[in-house]
Amino acid sequence: MLIKKYLSLFSAILVILLNSSNAQEANISSEIFGRLPEISHAEISPDGSKILFMQNYQGRRIVVTKSLKDPSLPSNGIPTQEGEYNWARWSSNDTILASIRFSSKREGRGGLTDTVEGRLVTFDWKGQKIENPINLNISNVRRTSRLTGVNIPQFQDDVIDMMMDDPDHILIQMDLEDALAIGVYRLNLKTKDREKIINSSSVIQEWRTDEDHIVRYGEGRSRKTTTKIVRSLARYRKSDKDGWRVLFEYDELKENPPFNFVGFSNDPSIIFISKLNAKRKKAFYKYNVDSKQITEEIASNDDADINSISIVDGEVTEYTYIDDSNKIVRLSDQGKRLQRIFTANFPGELVKVVSETEDAKTMVLRVSSPTNPGSYYILDLNNGSMDAIAYNYSALDYELLSPMESISYEARDGLEISGYLSLPRGEEHQNHPTIIMPHGGPWWVRDHWDFDYWVQFLTARGYAVLQMNFRGSSGFGTDFTALGYQEWGRKMLEDINDGTKWVIEAGYADADKICIMGGSYGGYASLQAIVKDPSLYKCSVSFAPITDLSSFMRYRKRYTDYSIYENFVVSDEWTLDEASPAENIESFNVPVLLLHGDIDRSVRVEQSRDFYKVMKKADKDIKYIEFEGGNHFLSTEVHRIEFLKQVEKFLKKNL
């Protein structure tokens, strides 16, 4: 079947209706690149009669709904009164369940601790009848009441089963009885009644249900964790009538898990798991819980981790991985049919089915690439039509965006490092002013082949951009990630600097016009890489960096993931002071642009404030911008725009 792309009148419903500023002439200004993506989520109702979007409106995310059956009906824009939407889902054909996140404080070790809280709300598709279905008194979220035995959970939005065949109910996990002891509750969205179906556990932090809504799997980390032991375990049962068994147990700091649970099959004795293959890459298998043996390989690749699999009715329908770019391998007959349609209509782009109707005949597609920030289509297999319904960065001239090419180079110890090089469109590919852009994290994170608004903003201004997946990055196997252990302040930085030398030697970069720029760990690296080799860079742009590792690690002690940080950061071969920009001020002889949000919950703003003070005291060239109400992720549109404006001015002056 041949399906042709076309635009219908429906394409005007969303973006243009709600964001009139999109009517301005397409350009490459900071205001355009700095906008939040118009659409961050799209979902069709189970019966296909309506659609909802998470949409940017005047710098904030709102829920937008629209009738697909009667386009003459107006769209419904549904903002939050406080906080920000985290996600929104159809709970029935007419009702929406949404998560809202907001900043708060709780009492913890060492006093008040900054937190992010999560709450649920329900409303009908027109934005009316807004209610909180949990119905807890949240006047004081700082402590557990010893008199009532009721804890006010930090996250009251952790839905583990939408129960779409029972639209009145959901299954939700939360620590309602004791802090960090997670139980599972069946919640009635209409009456707000809740029934505990799994007792609270201080060991299990994540519960999973099968397609019959039975809780059959749980995993977590023991409270008895110390600085030397992080005990993790997983439990499984075949049915609600069977007892629980321990699937595995291990010490996170010394061992890898024997496997990771992924999902349930149609056979209660068989589960889907992921574990390392012979090449030490993440792969997926069928596993027999009785014989404790792998029975079948589902998806494996010798060169890359398999990222995920999709399970429908107990069978694997597709899997994903990343080599040079994102790949989706579709296994079912329906998936193969769809792949032919996608290849014919969107060659060289990544196509994801982000939502579909209950009968799987109508679906919402998201199409993206480095030069496509994300466009959305409705594919109707009943009549063979495909309508474009929305575009991200719709005021941007896509023709000015730069392709992203995969590259690799050899680090000084012989390790192969992969990455991406983006060059200004329409220019000779040599001797560019260049931005080195290490990613954040640094673990459980990697750079991807896809649209990146920082990268495209820079290439549109004539800069080349090099991104690298230094050791410790995810996606390349457990061994590659483990190479980053205790190397936060040494070999990770050497990998970055070796990439800078490679891009010079390859002729792409002008050695006299190179700046390093990043956020979070990338912000740290944008400072400390200069300490490691002051000769490479002419300037540094650092957003939300860690500048004092000793102070940072003291702060992390109040969080449950401290032991994981310690394993990555602390080394017997170098000290925290040696790896801290704030303790190596004498190495900074280039201009620095420092930026930070004042309510950053991941890296406290004092890391930048204090660094700025010691730099100014030493008479170093530094400019500091602090975003009022800004977080760790530049989530606010006004902050994104100001960030890009400051970067543009700084680079123009110093490169």
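Those residues that are farther than 24 Å from Asp240 by Cα and open to solvent by less than 70 Å² (accessible area, probe 1.4 Å), I need them from the stretch 262-293; list them, please.
Ser274, Lys275, Leu276, Asn277, Lys281, Lys282, Ala283, Phe284, Tyr285
Which one is surrounded by the most Cβ atoms within 10 Å (Cβ to Cβ), of the residues in the stretch 347-374 that are of a type in the set (A, V, I, L, M) and more than 25 Å from Ser29 (Cβ to Cβ)?
Among those residues, the one meeting the criterion is Leu365.
Given the options Arg101, Arg89, name the one that is of a type in the set (Lys, Arg), touching a strand residue (DSSP E or B) at 6+ places or on another chain (Cβ under 8 Å), in a strand (DSSP E or B) and within 15 Å of Phe53 (Cβ to Cβ). So that I can check it myself, show each step before the final result.
Numbers: Arg101 fails: within 15 Å of Phe53 (Cβ to Cβ).
Testing whether each residue is of a type in the set (Lys, Arg), touching a strand residue (DSSP E or B) at 6+ places or on another chain (Cβ under 8 Å), in a strand (DSSP E or B) and within 15 Å of Phe53 (Cβ to Cβ) leaves just Arg89.
Residue by residue, here is whether (1) surrounded by 20 or more Cβ atoms within 10 Å (Cβ to Cβ); (2) modelled with pLDDT under 95 holds:
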position: Tyr376; (1), (2): yes, no
position: Asp380; (1), (2): no, no
position: Asn383; (1), (2): no, yes
position: Ala390; (1), (2): yes, yes
position: Ser394; (1), (2): yes, yes
position: Asp397; (1), (2): no, yes
position: Ser402; (1), (2): yes, no
position: Glu405; (1), (2): no, no
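Looking at the stretch 611-624, which of its residues are outside any loop (DSSP other than H, G, I, E, B), open to solvent by 30 Å² or more (accessible area, probe 1.4 Å) and either touching a residue at least 60 places away in the same chain (Cβ under 8 Å) or in contact with a helix residue (DSSP H, G or I) (Cβ under 8 Å, 6 or more places away or on another chain) (or both)? Outline the logic, then answer.
The initial filter retains those residues of the stretch 611-624 that are outside any loop (DSSP other than H, G, I, E, B), namely 611-617, 622-624.
Narrowing the set further to residues that are open to solvent by 30 Å² or more (accessible area, probe 1.4 Å) leaves 612-614, 616-617, 623-624.
Within the stretch 611-624, Val614, Lys623, Tyr624 qualify.
Yes/no matrix, rows are residues, columns are (1) more than 15 Å from Ala234 (Cα to Cα); (2) over 23 Å from the mean Cα position of the chain (by Cα); (3) not in a strand (DSSP E or B):
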| residue | (1), (2), (3) |
| --- | --- |
| Pro258 | no, yes, yes |
| Phe261 | no, no, no |
| Pro268 | yes, yes, yes |
| Ile271 | no, yes, no |
| Ala278 | yes, yes, yes |
| Phe284 | yes, no, no |
| Tyr287 | no, yes, no |
| Thr295 | yes, yes, no |
| Ile298 | yes, yes, no |
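If a residue has to be surrounded by fewer than 17 Cβ atoms within 10 Å (Cβ to Cβ), over 27 Å from the mean Cα position of the chain (by Cα), of a type in the set (D, E, K, R) and not in a strand (DSSP E or B) to count, how many in the stretch 502-554 make the cut?
Within the stretch 502-554, residues that are surrounded by fewer than 17 Cβ atoms within 10 Å (Cβ to Cβ), over 27 Å from the mean Cα position of the chain (by Cα), of a type in the set (D, E, K, R) and not in a strand (DSSP E or B) number 2.
Is it the case that the stretch 111-127 has a residue that's modelled with pLDDT of 90 or more, open to solvent by 80 Å² or more (accessible area, probe 1.4 Å), on the phi > 0 side of the Ramachandran plot and assigned to a loop (DSSP other than H, G, I, E, B)?
No, there is no match, as no residue in the stretch 111-127 is modelled with pLDDT of 90 or more, open to solvent by 80 Å² or more (accessible area, probe 1.4 Å), on the phi > 0 side of the Ramachandran plot and assigned to a loop (DSSP other than H, G, I, E, B).
For (1) in a strand (DSSP E or B); (2) open to solvent by 50 Å² or more (accessible area, probe 1.4 Å); (3) closer than 28 Å to Tyr453 by Cβ, each residue gets a yes or a no:
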position	(1), (2), (3)
Pro37	no, no, yes
Glu43	yes, no, yes
Ile51	yes, no, yes
Asn56	yes, no, yes
Val63	yes, no, yes
Asp70	no, yes, no
Leu73	no, yes, no
Gln81	no, yes, no
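Return the pair list, or none, for Cβ contacts closer than 9 Å from residues in the stretch 533-559 that are under 18 Å from Phe650 (Cα atoms) to residues that are acidic (Asp, Glu) and open to solvent by less than 10 Å² (accessible area, probe 1.4 Å), at least 6 apart or on different chains.
Qualifying pairs under 9 Å: Ala544/Asp600.
Looking only at residues in the stretch 555-582 that are assigned to a helix (DSSP H, G or I) and of a type in the set (Gly, Ala, Ser), which one is surrounded by the most Cβ atoms within 10 Å (Cβ to Cβ)?
Applying the filter and picking the extreme gives Ala582.
A quick yes/no check of all residues on (1) modelled with pLDDT of 95 or more; (2) surrounded by fewer than 15 Cβ atoms within 10 Å (Cβ to Cβ); (3) among the charged types (D, E, K, R):
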{"site": "Thr148", "(1), (2), (3)": "no, yes, no"}
{"site": "Asn151", "(1), (2), (3)": "no, no, no"}
{"site": "Phe155", "(1), (2), (3)": "no, no, no"}
{"site": "Val159", "(1), (2), (3)": "yes, no, no"}
{"site": "Ile172", "(1), (2), (3)": "yes, no, no"}
{"site": "Asp175", "(1), (2), (3)": "no, no, yes"}
{"site": "Leu180", "(1), (2), (3)": "no, no, no"}
{"site": "Asn199", "(1), (2), (3)": "no, yes, no"}
{"site": "Ser202", "(1), (2), (3)": "no, no, no"}
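The values are calculated or read from the model by the stated rules, or taken from the named source; none is laboratory data. Just so it is clear, the model here is predicted, and its values are computed rather than measured. Neighbour counts are summed over all protein chains in view; Cβ atoms, including those assigned to glycine, are modelled from backbone coordinates with ideal geometry. Just the protein is used for accessible areas: all its heavy atoms, side chains included, with ligands, DNA and RNA removed. Shrake-Rupley method; radii C 1.70, N 1.55, O 1.52, S 1.80 Å.
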